[in-house]
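Peer 1: Dumping the structure here so I can ask a few things about it.
The values are calculated or read from the model by the stated rules, or taken from the named source; none is laboratory data. Keep in mind it's a predicted model, so treat the numbers as computed, not measured. For neighbour counting, all protein chains shown are included, and Cβ atoms are generated from backbone atoms with ideal geometry for every residue, glycine included. SASA here: full protein model, heavy atoms, side chains in, ligands and nucleic acids out. Shrake-Rupley method; radii C 1.70, N 1.55, O 1.52, S 1.80 Å.
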Amino acid sequence: MAYSLDRAEHFGQNGYLDTRGVAETAVPFTQAVVDGLAQGGGLYVPEALPTLSLDDIAALAEMPYAQRAAALYKAFNIDLPDEAIDELMARAYGDNFDDAAICPITSLDENTHILELWHGPTSAFKDMALQCLPHFFGASAAKLREEGTLDNEFMILVATSGDTGKAALEGFKGVEGVSIGVLFPDGGVSDIQRKQMVTTTGDNVQVWAVRGNFDDCQTGVKRTFADEAFARHLIEDHRIALSSANSINWGRLLPQVVYYLSSYAELVAAGRIELGDPIDVCVPTGNFGNILAAWYAKQIGAPIERLLCASNDNRVLTDFINTGTYDISDREFILTSSPSMDILVSSNLERQLFELTGRDGEAISRWMADLNEKRRFRIDADTFARVRENFSADSIDNDTCLATIREVLDAYDYLIDPHTAVAFAAAQNLRGDNPVLIASTAHWAKFGDNVYRALHGLAPHEALPAEVAALTGCELNGLIAEETGKDQIPAGLAQLDAMEVRFTEVIDSGTEAIEEATDAFLSR
Ligand SMILES: *Cc1c(COP(=O)(O)O)cnc(C)c1O
């Protein structure tokens with residue numbers, strides 16, 4: 001292969017390769033974070049993975065979470081000073097989370113453990129990465145500017161169907177040298193999701209409602225990214241480059257590896273398992289970032305045996321893991337009760353396949369070209385065998401999802417959100433004898449309407465009774481809390497009705513409107 005390891009030695013650091021074998025040399029961590037996507041359209045992966053011994057992993061339980069995260073970043077030998085890593089991690093994982101453990105584990109029974117990834121400011125698991133990445137993005141850009149390889153600042157543009165937008169706003173607000181604009185479909189997000197976004201504080205943030213649906217938003221943002229004349233204008237007039245910081249950024253993936261190593265250590269420290277015992281991990285999966293992080297944790301040394309991939313009715317990953325063919329040529333996008341997993345093209349799968357082919361950039365390029373042209377690709381028998389060694393997959397329909405919320409509440413007096421319910425139900429179907437760690441990716445109060453349907457036996461998508469439909473999102477959560485006794489609603493969700501609305505602008509979805517709005521924001 002064309003990769004040179006010399007460059008990594010030159011940096012004294014672990015460098016990053018791209019999954020399509022296009023780049024001739026590896027780039028350092030800071031460059032990979034600022035770039036997001038590698039040249040040629042591939043994704044960055046680390047040249048080498050650290051390995052931690054069982055004792056190293058067990059020792060993580062003795063440190064606060066921020067130090068665990070710092071320890072892993074140092075093990076990856078990233079090109080920022082140790083003191084900077086410590087300081088950035090202290091900012092990423094501190095009292096911005098409502099639990100000192102950051103992502104505590106609740107054990108439902110001896111062998112079923114729920115990893116609660118929603119204690120961050122927006123109550124969804126994307127905070128685990130997006131409270132961390134922006135600090136490293138800011139520090140990486142600052143370092144590259146100091147070295148003279150970069151002389152601009154950044155504006156992050158995000159099109160969101162709900163969850164990502166708020167998590168990105170909270171993560172990037174106040175970060176120096178970066179501003180952020182989020183576009184959401186007007187009328188296309190829940191009352192809670194809209195209020196979460198339009199009440200965001202901070203000077204470097206902007207939120208627009210867009211006339212159209214999520215697809216219109218996303219297309220508008222993609223076209224804006226592709227408009228070279230606009231890019232030139234932004235650099236010349238504002239010294240700003242656009243960036244997306246989306247979930248394919250390595251800087252969003254690495255923070256997720258931390259919690260799988262860390263939670264293994266916690267299960268040992270709590271006496272739930274013996275050091276070295278195998279566990280399985282079940283992840284409600286959309287873009288394949290979260291479950292890929294678990295796979296990396298396994299490579300690094302966590303005794304994870306099987307990775308259980310849970311999908312909703314958009315079951316492209318289930319079918320892929322069961323057949324070796326990824327096929328969206330005849331597949332409709334389905335709106336489900338777990339909307340954050342509604343996805344057809346699961347972008348982080350590319351990284352997983354790169355690793356499982358033994359880092360064969362040519363094979364990945366071919367498959368990605370097939371996906372682009374024929375809307376399907378088929379992996380070779382060896383790679384498929386490796387997929388089967390690591391992964392099991394199942395898809396859970398809306399009825400089962402809602403029924404599971406009710407069953408788990410009845411059986412364990414524990415209320416879960418629809419995404420976690422998909423994982424719980426899949427884990428029941430796929431598990432063997434190992435203890436299972438289930439990734440819980442959102443607080444139930446983010447999806448109160450579907451939780452209400454679950455608790456009242458309404459069908460998926462069935463209209464709520466008029467008096468319930470008339471409630472605000474906060475009021476509906478209050479009602480559910482009253483009915484279930486689950487009144488620990490995170491402050492960031494409970495107080496939304498009382499917060500000042502800062503952003504009311506509604507714009508068209510065309511490039512012109514988005515560019516005009518962006519320009520006006522940057523000229524403020
Ligand atoms: C984003 C998201 C997922 C899917 O995670 P991936 O890393 O994209 O697989 C699952 N649940 C919730 C609540 C999410 O916000």
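Peer 1: What pairs come out if I take residues in segment 273-287 that are within 13 Å of SER263 (Cβ to Cβ) and pair them with residues that are among the hydroxyl-bearing types (Ser, Thr, Tyr) and surrounded by 21 or more Cβ atoms within 10 Å (Cβ to Cβ) whose C-beta lies under 7 Å away, six or more apart or interchain?
Peer 2: Once the first residue is within 13 Å of SER263 (Cβ to Cβ) and sits in segment 273-287, its partners that are among the hydroxyl-bearing types (Ser, Thr, Tyr) and surrounded by 21 or more Cβ atoms within 10 Å (Cβ to Cβ) give ILE279/TYR264; VAL281/TYR260.
Peer 1: For segment 89-118, which residues satisfy the criterion of being among the aliphatic types (A, V, I, L, M) and either open to solvent by 10 Å² or more (accessible area, probe 1.4 Å) or touching a strand residue (DSSP E or B) at 6+ places or on another chain (Cβ under 7 Å) (or both)? Outline the logic, then answer.
Peer 2: Residues of segment 89-118 that are among the aliphatic types (A, V, I, L, M), as a first pass: 89-90, 92, 100-102, 105, 108, 114-115, 117.
Hits for segment 89-118 are ALA90, ALA100, ALA101, ILE105, LEU108, ILE114, LEU115, LEU117.
Peer 1: Just wondering, is there one or more residues in segment 457-479 that are buried (at least 24 other Cβ atoms within 10 Å of the Cβ), within 18 Å of SER123 (Cα to Cα) and not assigned by TED's automatic domain parsing to the domain that holds SER263?
Peer 2: Yes: one or more hits.
Peer 1: For segment 263-280, does any single residue satisfy the condition of being open to solvent by 10 Å² or more (accessible area, probe 1.4 Å) and either within 16 Å of the ligand (Cβ to nearest atom) or closer than 18 Å to ILE343 by Cα (or both)?
Peer 2: no
Peer 1: Let me ask something additional. Report the residue count in segment 493-510 for those that are open to solvent by 40 Å² or more (accessible area, probe 1.4 Å) and either of a type in the set (A, V, I, L, M) or not in a loop (DSSP other than H, G, I, E, B) (or both).
Peer 2: In the first step, residues of segment 493-510 are kept if they are open to solvent by 40 Å² or more (accessible area, probe 1.4 Å); the result is 494-495, 497-502, 504-506, 508.
Retained after the next criterion (residues that are either of a type in the set (A, V, I, L, M) or not in a loop (DSSP other than H, G, I, E, B) (or both)): 494, 497-499, 501, 506.
Number of matching residues: 6.
Peer 1: Something else: Output the number of residues of segment 242-272 satisfying the condition of being modelled with pLDDT of 95 or more and more than 18 Å from the chain's Cα centre (by Cα).
Peer 2: Narrowing segment 242-272 to residues modelled with pLDDT of 95 or more: 250-272.
Pick out the ones that are also more than 18 Å from the chain's Cα centre (by Cα) and you get 264-272.
Residues meeting the conditions: 9.
Peer 1: Could you grab me the full set of residues in segment 339-356 that are in contact with an Asp or Glu (Cβ under 8 Å, 6 or more places away or on another chain) and either closer than 16 Å to ALA393 by Cα or open to solvent by less than 10 Å² (accessible area, probe 1.4 Å) (or both)?
Peer 2: Result: PHE354, single match.
Peer 1: How many of the residues in segment 254-298 are assigned to a helix (DSSP H, G or I) and either basic (Lys, Arg) or over 26 Å from SER395 (Cβ atoms) (or both)?
Peer 2: To start, the set of residues in segment 254-298 that are assigned to a helix (DSSP H, G or I) comprises 254-269, 289-298.
Then drop every residue that is not either basic (Lys, Arg) or over 26 Å from SER395 (Cβ atoms) (or both), which leaves 254-255, 258, 261-262, 264-269, 298.
Going through segment 254-298 one residue at a time, the tally reaches 12.
Peer 1: Continuing with this model, one more query. For residues that are within 16 Å of the ligand (Cβ to nearest atom) and assigned to a loop (DSSP other than H, G, I, E, B), scanning just segment 411-433, find the one that is surrounded by the fewest Cβ atoms within 10 Å (Cβ to Cβ). Don't jump to the end; show me each part of the working.
Peer 2: Let us first name the residues in segment 411-433 that are within 16 Å of the ligand (Cβ to nearest atom), namely 415-427.
Add one more test, that the residue is assigned to a loop (DSSP other than H, G, I, E, B), and what stays is 415-417.
Working: LEU415: 22, ILE416: 28, ASP417: 28.
Applying the filter and picking the extreme gives LEU415.
Peer 1: Mind checking which residues of segment 192-208 are assigned to a helix (DSSP H, G or I) and of a type in the set (D, E, K, R)? Give the steps one after another, and end with the answer.
Peer 2: The first filter runs over segment 192-208 and keeps only residues assigned to a helix (DSSP H, G or I), leaving 192-198.
Within segment 192-208, ARG194, LYS195 qualify.
Peer 1: Okay, next question. Mind checking which residues of segment 159-191 are part of a helix (DSSP H, G or I), within 13 Å of the ligand (Cβ to nearest atom) and either farther than 22 Å from ILE343 by Cα or open to solvent by 10 Å² or more (accessible area, probe 1.4 Å) (or both)? Step through it out loud before you land on a result.
Peer 2: Of the residues in segment 159-191, the ones part of a helix (DSSP H, G or I) are 163-172, 191.
From what is left, the residues that are within 13 Å of the ligand (Cβ to nearest atom) are 163-168.
Of everything in segment 159-191, those that are part of a helix (DSSP H, G or I), within 13 Å of the ligand (Cβ to nearest atom) and either farther than 22 Å from ILE343 by Cα or open to solvent by 10 Å² or more (accessible area, probe 1.4 Å) (or both) turn out to be ASP163, THR164, LYS166.
Peer 1: Any idea how many residues of segment 357-366 are of a type outside the set (Ser, Thr, Tyr) and either in the same structural domain as LEU37 (by TED's automatic domain parsing) or open to solvent by 10 Å² or more (accessible area, probe 1.4 Å) (or both)?
Peer 2: Of the residues in segment 357-366, 5 are of a type outside the set (Ser, Thr, Tyr) and either in the same structural domain as LEU37 (by TED's automatic domain parsing) or open to solvent by 10 Å² or more (accessible area, probe 1.4 Å) (or both).
Peer 1: Related question: Say whether the condition of being closer than 30 Å to GLN39 by Cβ, of a type in the set (Gly, Ala, Ser) and in a helix (DSSP H, G or I) is met by at least one residue in segment 341-356.
Peer 2: no
Peer 1: Do we find a residue being out of contact with any His (no Cβ under 9 Å at 6 or more places or on another chain), surrounded by fewer than 14 Cβ atoms within 10 Å (Cβ to Cβ), at pLDDT 95 or above and not in a helix (DSSP H, G or I) anywhere in segment 434-454?
Peer 2: The answer is no, given that none of the residues of segment 434-454 is out of contact with any His (no Cβ under 9 Å at 6 or more places or on another chain), surrounded by fewer than 14 Cβ atoms within 10 Å (Cβ to Cβ), at pLDDT 95 or above and not in a helix (DSSP H, G or I).
Peer 1: Does segment 24-60 hold any residues that are aliphatic (A, V, I, L, M), touching a helix residue (DSSP H, G or I) at 6+ places or on another chain (Cβ under 7 Å), assigned to a loop (DSSP other than H, G, I, E, B) and within 30 Å of ASP277 (Cβ to Cβ), and which are they?
Peer 2: LEU49, LEU52, listed by residue number.
Peer 1: Still on this structure, please answer the following. Just to be sure before I move on: is LEU307 under 18 Å from the mean Cα position of the chain (by Cα), assigned to a helix (DSSP H, G or I), within 15 Å of the ligand (Cβ to nearest atom) and crowded, with 19+ Cβ neighbours inside 10 Å in the structure I sent?
Peer 2: Numbers: under 18 Å from the mean Cα position of the chain (by Cα): yes; assigned to a helix (DSSP H, G or I): no; within 15 Å of the ligand (Cβ to nearest atom): yes; crowded, with 19+ Cβ neighbours inside 10 Å: yes.
Here the answer is no, as LEU307 does not meet what is asked.
Peer 1: Out of LYS126, LYS143, I need the residue that is over 24 Å from ASN14 (Cβ atoms) and basic (Lys, Arg). Which one?
Peer 2: Working: LYS143 fails: over 24 Å from ASN14 (Cβ atoms).
Sole residue among the options that is over 24 Å from ASN14 (Cβ atoms) and basic (Lys, Arg): LYS126.
Peer 1: What residue, of ILE156, ILE114, is among the β-branched types (Val, Ile, Thr), in contact (Cβ under 8 Å) with a residue 40 or more places away in the chain, in a strand (DSSP E or B) and more than 14 Å from the ligand (Cβ to nearest atom)? Walk me through it before giving the result.
Peer 2: Working: ILE114 fails: more than 14 Å from the ligand (Cβ to nearest atom).
Just a single option satisfies the conditions, and that option is ILE156.
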